[in-house]
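J.: One structure is given below, represented as structure tokens, and several questions about it will come after.
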Amino acid sequence: MIYDSWMSYIKNDVKIVDLVIPGAHNAGSYGMSKTAECQKDGILTQFKYGMRQFCLRLDTDKKGNIVLAHGISKGDLFENALRDLSEIIDRFPTEMLLLDIREYYPQKFGPITLKFKADKDKINALLEKYIDPAKNAFCDFEHIKDVTVGDIRKAGKKFILINDNEEYAFSRNCEQILPWEKQVNGAYAKNFAAQTLRFFDDYQTDGLYWFQTQQTPNLGTEIGFTLPVKLDNDLRKYFLQIIDGIAANPFYLESANIIAGDFMTHDYMKSEAILKLNLLKNNVENELIKEYEEGLKWS
């Protein structure tokens, strides 16, 4: 299988916004409580299953450590996630990453707003220690829409560090959208699969298109408040329907970029389906098409 090297098959002239990239929703939520956990395995394992986009949300624990967060749930030390990223950078030279890193955003519960804090100086120090953005971050661009795979390869860089406020050294505010609607993302699995493709019609960008393939537990919706793992077990029956819907519609296929989901290391089913879209978008080197397609087969 080629899940730890799939980017080596991609043409140099493919723009990052046209590449189809598997992403892990709440990538840092592994090991958290069942109500907060959206991934079972750490960053290195997620990478080996094909993930190249990681959203890492941060908070501070009572000891002053920067930790991974999903709302009020605190998880692993950020430092441990960075160790995994460092190993990826060292061991897999053909691959490049999109690292979306920031404090967990404020959450409103009625009249109460919860705020999360992760000191940017501490984060910068950890980033420098483990993944060295001065050496490895690609930031020589005006707009993410213009960046190609070849640009990053030629520069010898390993990742783009994405942060809306450019709070960290060598981070960039990349235009991106993350369509989400409470009632759609809170619908039963069959209804969610039927409705979510509408987002491609209703939301457009010339930046990164971050398409989510998971439901969101939320009071006041069909699914209400339940466990992410239960939702994923139900939704897996409809996952290929979502991907087939993208493949069958030329506009949806053209828009397809980051496709993220929950529990992306359950097996390779999701990654295989997502990465096959690169074949339909003519993103794979012609002489490597057969090898790429064969390398994605896992069962």
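J.: Is it true that some residue in segment 273-288 is farther than 18 Å from V14 by Cβ and either modelled with pLDDT of 95 or more or in a helix (DSSP H, G or I) (or both)?
T.: yes
J.: If only one of S8, S29, S33 is small (G, A, S) and closer than 26 Å to Y168 by Cα, which one is it?
T.: One residue alone meets the criteria, S29.
J.: Which of (1) touching a Lys or Arg at 6+ places or on another chain (Cβ under 7 Å); (2) open to solvent by 20 Å² or more (accessible area, probe 1.4 Å); (3) within 18 Å of A24 (Cα to Cα) is the odd one out, the single condition G261 does not satisfy?
T.: G261 satisfies all of (1) touching a Lys or Arg at 6+ places or on another chain (Cβ under 7 Å); (2) open to solvent by 20 Å² or more (accessible area, probe 1.4 Å); (3) within 18 Å of A24 (Cα to Cα) except (2).
J.: Separate question: Criterion first (within 16 Å of the chain's Cα centre (by Cα), open to solvent by 50 Å² or more (accessible area, probe 1.4 Å), modelled with pLDDT of 95 or more and not hydroxyl-bearing (S, T, Y)) does K40 satisfy it?
T.: yes
J.: Which condition from (1) within 21 Å of the chain's Cα centre (by Cα); (2) crowded, with 20+ Cβ neighbours inside 10 Å; (3) not charged (D, E, K, R); (4) not in a loop (DSSP other than H, G, I, E, B) is the one that Y292 breaks?
T.: So the condition that Y292 fails would be (1).
J.: How many residues does segment 111-127 contain that are open to solvent by 10 Å² or more (accessible area, probe 1.4 Å) and either modelled with pLDDT under 95 or in a loop (DSSP other than H, G, I, E, B) (or both)?
T.: 8
J.: Give me the pairs: first residue in segment 266-287 and touching a residue at least 24 places away in the same chain (Cβ under 8 Å), second residue open to solvent by 10 Å² or more (accessible area, probe 1.4 Å) and among the hydroxyl-bearing types (S, T, Y), beta-carbon distance under 7 Å, and six or more apart or on different chains, which are they?
T.: These pairs meet every condition: Y268/Y49; S271/Y49; V284/Y9; E285/Y9.
J.: So, one more: Can you find even one residue in segment 10-17 that is touching a residue at least 12 places away in the same chain (Cβ under 8 Å), surrounded by fewer than 22 Cβ atoms within 10 Å (Cβ to Cβ), within 16 Å of M269 (Cα to Cα) and among the β-branched types (V, I, T)?
T.: no
J.: Sticking with this structure for a sec: So in segment 83-110, with the set limited to residues that are crowded, with 17+ Cβ neighbours inside 10 Å and β-branched (V, I, T), which one is nearest to the chain's Cα centre (by Cα)?
T.: For segment 83-110, the residue satisfying everything is I101.
J.: While we're here: Looking at V284 and the list (1) under 22 Å from L44 (Cβ atoms); (2) crowded, with 20+ Cβ neighbours inside 10 Å, which single condition is not satisfied?
T.: Result: V284 fails condition (1) only.
J.: Residues D234, D164: which one is under 17 Å from the mean Cα position of the chain (by Cα) and of a type in the set (D, E)?
T.: None of the others qualify; the one that does is D164.
J.: Answer yes if at least one residue in segment 1-9 is open to solvent by less than 10 Å² (accessible area, probe 1.4 Å) and touching a strand residue (DSSP E or B) at 6+ places or on another chain (Cβ under 8 Å), and no otherwise.
T.: Among the residues of segment 1-9, not one is open to solvent by less than 10 Å² (accessible area, probe 1.4 Å) and touching a strand residue (DSSP E or B) at 6+ places or on another chain (Cβ under 8 Å), which makes the answer no.
The values are calculated or read from the model by the stated rules, or taken from the named source; none is laboratory data. Note that the structure is a prediction, hence the values are computed from the model and not measured. FYI the Cβ positions are ideal-geometry reconstructions off the backbone, even for glycines, and counts take in every protein chain you see. For the accessible areas, the whole protein counts, side chains as well, though only heavy atoms, and no ligand, DNA or RNA atoms are used. Shrake-Rupley method; radii C 1.70, N 1.55, O 1.52, S 1.80 Å.
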